[in-house]
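What follows is one structure encoded as structure tokens, with my remarks underneath.
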Amino acid sequence: MSSLDWTILIFALTSIILYGLYKSRTSKNLDGYFLSNRSMPWYLVLLSIMGTQASAITFLSAPGQAYTDGMRFVQYYFGLPLAMVLLCISFVPIFHKLKVYTAYEYLENRFDTKTRTFTSFLFLLQRGLSTGISVYAPAIILSSLLGWNIYWTNLFMGGLLIIYTVTGGARAVAYTQQLQLVIIFAGMFMAAYMVVHLLPEGIGFVDALKVSGKLGKLNVITTGVNENGFDWTDRYNIWSGIIGGFFLALSYFGTDQSQVGRYLTAKDLTESRLGLLMNGLVKVPMQFLILLIGALVFTFYQFNQAPVFFNQVQVNKVAKSSYGDSLKLMEQQYAQLSEQKKSVLTHWLKDNSEASEQQFKSLHKQSETIRDDFRKVLNKQNVSGDRSDANYIFLRFVVDHLPHGMVGLLIAVIFLASWGSIAAALNSLASCTVVDIHKKFIKKNCTEKQDYSTSRWYTFAWGIFSIIVAMFATNMGSLIEAVNVLGSLFYGVILGVFLVAFYLKNIKGDAVFASAVIVEIGIIILFWKSSIGFLWLNLVGALGVIVLAWLIQLIIGQKVKRAN
Amino acid sequence: MNNNPEKIPVFKSWTHWYVLVIAFLIILILLFNSFTGFFA
């Protein structure tokens, strides 16, 4: 990195910390610290919701996902707008009416303490771990590409934001997210412009789309149906996106405190609803554009020599082993094919002939085979570290091909996106620990000042926990998938509990608690023993809890009748 | 009794907002489908 890059990076990060501290003035009680005195307008709620969901992983992994698997990942978000509508109809009015701090408080009103504590525990478990991954994901990529020490990078990634998150609570989180998103969108827009700008002369945006489209990267809509019928193991298709994605989004926005805590900061129900509905309108197009950058980067690398495997640190590790020579040979073959591809592609775009197109596709297939073989050789060696290169593609492009200044700006984007989601997660983890655990089981009667002080200490403690998890996280493949898989293991069950609470008034606490525990164990076994697409786990978990709770309640009801 | 009824921005009821969000999603899916077909 040049001195200009360092200046931009340090300036952006320092500005955010100072801005966060400046906006830290809030009432020294739980309402002020966790819910910003319920005073936020809808646009701040919207930016906070978006900033919480869009972590660094979104901006690093999503373009890489489009590069390797095409744009079909966008279908994962199709259920989100539908979930926003249902949330506005059912969940949000109840949370506002009861003036809860956490979503799980409502479950005690509706069921009992054990159900509230169990769901809160599931949330703390999955959110605590996934926040650790959110620290690790950008840190490992930055450390690999720039040669930074991973432990220090983890510490900076997860540590600096603690300064304003501990000091300013939800208010500082919301205001910094606003500024962070402005910088993030500016950075991503400039990156998209640069990809097209760096294409050879005479090759424009539409040509770039044509190339990536012909090679299957613009597969935005897929049905998941193959010659054997519907493929349940296919992760991203329109049906898993609409149905599985709907349940995942409903669970994430309706029952995950990191999101519930954002829209509870709104000054009234209208502002919460508007923030959520706007999110339903902008999220899918936003994700489409981020993936499109990945598809454009793919085209860029059809005209320029791409690394066979983008995670060079892993390549270097295996290159020292007995497989070193075969890796070198494959790299040479890949480079030769790349030269041929470039020449054929230029020819094809000029003459537009079927023969050139087929020749290019054939060469591309050969180079993909080499990439697969290369990956297999890397995996044969049991070396530690990240074995996927999807997360490295976008940043590798940035570091290798963008001009000075842009590199610093885009690394700042990674830090800021990461901070936005981690800060909200720490705030929500602390609010659940204080409201659902500490004040419930450890110290019930505290003064406002004690509550405030305890909340700050828990925020700090969760920050340290996340950094510790990040230090141990490794070998998880695509990190955007890892976070979503982790969420899907728990979200379905939590959602099932809330759906029973809202819509099945005859089912009581004992039945829903027993079913939640049984189904959660079942979901973990199902994930472990089968290859079902993870989005379906949300549907199975939610429906499982509903059906089992209904059956258990039926049995309990019959027993009571017999006893009477 | 609530003397300060919820003021809904732009539309007369929230249902109109919900229809807008769902209709926008349908339009996006149709556009994406055309996009996929066009460049495939």
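Straight-line cross-link partners of residue A:28 among the lysines, defined as a Cα under 17 Å from its Cα and at least 8 positions apart when in the same chain: A:439, A:449. A straight Cα-to-Cα reach below 28 Å connects residue A:561 with the lysines A:114, A:505, A:508, residues fewer than 8 places away in its own chain not being considered. In this label model, residue A:6 and residue B:38 are separated by 4.7 nm, measuring between points 7 Å along each Cα→Cβ vector. Overall, the ratio between the Cα radius of gyration of the range A:265-403 and 2.2 N^0.38 Å, rounded to two decimals, is 1.44. Shape analysis of the range A:304-367 based on the Cα gyration tensor places the equivalent ellipsoid semi-axes at 30, 10, 8 Å, largest first. In terms of surrounding Cβ atoms within a 10 Å radius of their Cβ, A:536, B:14, A:152, A:462 rank from fewest to most as A:152, B:14, A:536, A:462. Close amide H partners of residue A:40, meaning residues 5 or more places away or on another chain with modelled amide H under 5 Å apart, are A:266, A:267.
What 222 nm value per residue comes from the helices of chain A, counting each DSSP H run with n ≥ 4 as -39,500 (n - 2.57) and dividing by all residues, nearest 500 deg cm²/dmol? Don't skip to the end; give the middle numbers.
Values: 22 runs with 417 residues, N = 564.
Helix contribution divided over all residues of chain A: -25000 deg cm²/dmol.
Protection proxy ranking, highest mean first, for peptides A:233-241, A:410-418: A:410-418, A:233-241, where packing is the per-residue count of other beta-carbon atoms within 10 Å, averaged. Volume of the convex hull of the protein assembly as shown (Cα atoms only), normalised per residue: 173 Å³. Peptide A:210-222 shows a mean partner chain C-beta count of 4 within 10 Å per residue C-beta. Taking other C-beta atoms within 10 angstrom as a stand-in for reagent exposure, A:21, A:218, A:378 fall in the order A:21, A:378, A:218, fewest first. Working note: Karplus 6.51/-1.76/1.60 with θ = phi - 60° gives the range A:163-177 the couplings 4, 8, 5, 5, 6, x, x, 4, 5, 5, 4, 5, 5, 5, 4 Hz, where Gly and Pro are set to x. Listed by chain and number, the lysines whose alpha-carbon sits under 29 Å from that of residue A:376, ignoring those within fewer than 8 places in the same chain, are A:214, A:217, A:317, A:320, A:328, A:341, A:342, A:361, A:365, A:529.
With K and R counted +1 and D and E -1, the other residues having a Cβ less than 13 Å from that of residue A:34 yield a net charge of +2. The HN-Hα couplings worked out from phi for the range A:280-291 by the Karplus form 6.51 cos²θ - 1.76 cosθ + 1.60 (θ = phi - 60°) are x, 7, 9, 5, 5, x, 4, 5, 4, 5, 5, 5 Hz, whole numbers, x standing for Gly and Pro.
Read the figures in this text as sums done on the coordinates, not as results from a lab. Everything quoted here is computed from the prediction, not taken from an experiment. Virtual Cβ from ideal backbone geometry, glycine too; neighbours counted across all protein chains shown.
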